[in-house]
Amino acid sequence: YIFLELLNFKKTEDELETHFEKWIYTLKNLGDLQKRPAKLQERIFSKLFDIAALANFDNAQLGSYQQSLKHYRDNLSILQSAKKEGIEEGKKEGIEEGKKEGIEIGKKEGVEIGIKEGFNTGKLENQFEIARNCIKEGMAIELIAKLTGLSIEQINEISSENQ
């Protein structure tokens, strides 16, 4: 244990140099201080002086302070709840808008893919039909491949189907 005898601490406000000395001075003179000394303007002493000011309140002042603090905390709680509800509502709206936009984009892409694939399928069927007709006419397989863009293997398959 370390014991401090505050009565033996004789330094004045102007002689204070370290935080330890400032704390000892503050503890020794807190009851006599009318205002916050210039040497004790550091942030570390702010809470101490705020609490000391509250300790000097009479019952009416303390009741008024506590009522004011209650109103502040109630308002803060209401604000935080409203903010939380607003965020949740915003997320729901954002999700709904995102779904609608996603569906529209999906439809558009689906139509584009469908048209492209339908065109390609139709084009391929057209090439097969041309190849069938050319085979019936007795044209050379290499010439049919060149005209239709089909491979020789594909033309051979068509040819074997017709036999």
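The values are calculated or read from the model by the stated rules, or taken from the named source; none is laboratory data. These numbers come from a predicted model, not from an experiment. All Cβ positions, glycine included, derive from the backbone under ideal geometry; neighbour counts span all protein chains shown. Protein only, heavy atoms only, side chains kept; ligands, DNA and RNA dropped before computing areas. Shrake-Rupley method; radii C 1.70, N 1.55, O 1.52, S 1.80 Å.
Numbers for the structure displayed
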read-out: Heavy atoms of Asp32 accessible to a 1.4 Å probe, total area in Å² rounded to 10; value: 120 Å²
read-out: In Å, descending, principal axis extents of the Cα set of the range 33-123; value: 98, 32, 10
read-out: Whole-Hz ³J(HN,Hα) from phi, Karplus 6.51 cos²θ - 1.76 cosθ + 1.60, for the range 145-160, glycine and proline x; value: 4, 5, 6, 8, x, 7, 7, 4, 4, 4, 5, 4, 5, 4, 4, 6
read-out: Label-point gap, in nm, between Glu109 and Lys146 - each point 7 angstrom along Cα→Cβ; value: 4.3 nm
read-out: Karplus (6.51, -1.76, 1.60) ³J(HN,Hα), θ = phi - 60°, over the range 57-64, in Hz, Gly and Pro reported as x; value: 5, 7, 4, 5, 5, 5, x, 5
read-out: Binned Cα-Cα distance frequencies in the range 1-160 - 5 Å width, integer %; value: 1, 6, 9, 7, 6, 5, 5, 5, 4, 4, 4, 4, 3, 3, 3, 3, 3, 3, 4, 5, 5, 4, 3, 1, 0, 0
read-out: Range in the chain, longest, excluding exposed chymotrypsin sites (Phe, Trp or Tyr not before Pro) [loop by DSSP; at most 15 other beta-carbon atoms within 10 Å]; value: 58-163
read-out: Heavy atoms of Ser77 accessible to a 1.4 Å probe, total area in Å² rounded to 10; value: 60 Å²
read-out: Amide H partners (placed H, <5 Å) of Met139, local residues excluded; value: none
read-out: Rounded to whole Å, sorted largest first: equivalent-ellipsoid semi-axes of the range 1-45, Cα gyration tensor; value: 17, 12, 10
read-out: Nearest 10 degrees, 0 to 90: helix 19-29 Cα axis against the chain principal axis; value: 50 degrees
read-out: Inverse of mean 1/r across different Cα pairs in the range 3-81, Kirkwood, Å; value: 15.0 Å
read-out: Charge dipole magnitude, Cβ of K and R +1, D and E -1 - the chain, Cα centre, debye nearest 20; value: 880 debye
read-out: Cross-link reach list, aspartates and glutamates versus Lys136, counting only Cα pairs under 16 Å and skipping chain neighbours closer than eight places; value: Glu157, Glu161
read-out: Accessible area of the chain belonging to carbon and sulfur atoms, whole % at 1.4 Å probe; value: 55 percent
read-out: Cα centre as origin, Lys/Arg/Asp/Glu Cβ charges: the range 61-109 dipole, Debye; value: 200 debye
